[in-house]
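What follows is one structure encoded as structure tokens, with my remarks underneath.
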Amino acid sequence: MTRTDRDALLDAALTHVPFEGMNDRALMAGARDLAMSPDLARVHFPQGGAGLAAAYHRRADAMLRDSLSQTPPGGRFRDRVAEAIWRRLVLVDAELVRAGAATLSLPQNAALAARLVWETADVIWTGLGDTSRDVNWYSKRATLSAVISATVLFWLGDDSPDHAETRAFIDRRIDGVMRFEQVKSTLRKLPGAATLASMTLGWIRAPQSRDLPGRTRP
């Protein structure tokens, strides 16, 4: 992948985040390091700190996508999901994630924050071979988004050796996801379930590739 001026600015700004926070000050400091004008920096990141957080998040998602493609996790499906979540965590720096979370928790960034977690869930499900295109596309990503959000919060406060407690936390939460999927599978086998689902939810389809609320450039 060709390295762009935006990539260089992101890297430069991230070096200032531990001192300034994930905000416009870090962005401008990074621009100064590159002798880039403030106006051009804002062209690359019009959302300021939220844009920096989103770019850092999406860079890790892209790395995870490549990892799942090049080295697919093995074992039971629940273990593959757990491994994918763990891989995503080790691709980022906790201090930068903490700073990004503080920025994305602001009310004006709520849609973007939700979108980013959803995108990570989509990367994982797609990378593990999910081909659903109906309501299951949404339910799978919604449940995994909740797991990812809870896991990140736990991980940020985990000081156990090698984050062993985080690994155990992931396993517990994935067990919940798998139970939910099993319940859905059982319900679909009930008499008349298929007809009812078609009548009530049959119109729901996975979205085509397009910009959605909270979307910013990769």
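Each value in this text was obtained by applying a stated rule to the coordinates, not by laboratory testing. Computed from a prediction, not measured in an experiment: that's the story for all the values here. Note that we place each Cβ from the backbone using ideal geometry, even for glycine, and neighbour counts take in every protein chain shown.
How far, in nm, would the chain grow between Ala146 and Asp93 when pulled straight, counting 0.36 nm per residue and subtracting the alpha carbon separation? Intermediate results must be reported in sequence, preceding the final value.
Details: separation 53, 0.36 × 53 = 19.08 nm, distance 2.08 nm.
Full-extension gain reported as 17.0 nm.
Quick one: if you stick a label point 7 Å off each Cα along the C-beta vector at Ala62 and Ala102, how many nm between them?
It is 2.7 nm.
Would you be so kind as to identify which of Ser149, Ala121, Gly51 lies farthest towards the positive end of the dipole of region 46-172, taking Lys and Arg as +1 and Asp and Glu as -1 on Cβ and the Cα centre as origin?
Ala121
Within 10 Å, count the other beta carbons around each residue, average over each peptide in 20-31, 128-139, 108-119, and list them highest first.
20-31, 108-119, 128-139
Arranged by the count of other C-beta atoms within 10 angstrom, fewest first, what order do Leu91, Leu144, Leu104, Leu52 take? Walk me through the intermediate numbers first.
Numbers: Leu91 14, Leu144 24, Leu104 21, Leu52 29.
Arranged by neighbour count, lowest to highest, Leu91, Leu144, Leu104, Leu52 become Leu91, Leu104, Leu144, Leu52.
Would you mind calculating the gained length between Asp5 and Ala168 on full extension (0.36 nm times residue separation, minus the Cα-Cα distance), in nm to one decimal?
Length gained between Asp5 and Ala168: 54.7 nm.
For Arg167, what charge total do you get from the other residues with a beta carbon under 15 Å from its beta carbon, if Lys and Arg give +1 and Asp and Glu give -1?
Values: positive: Arg78, Arg80, Arg87, Arg88, Arg172, Arg173; negative: Asp79, Glu83, Asp158, Asp159, Asp162, Glu165, Asp171, Asp175.
Local charge sum for Arg167: -2.
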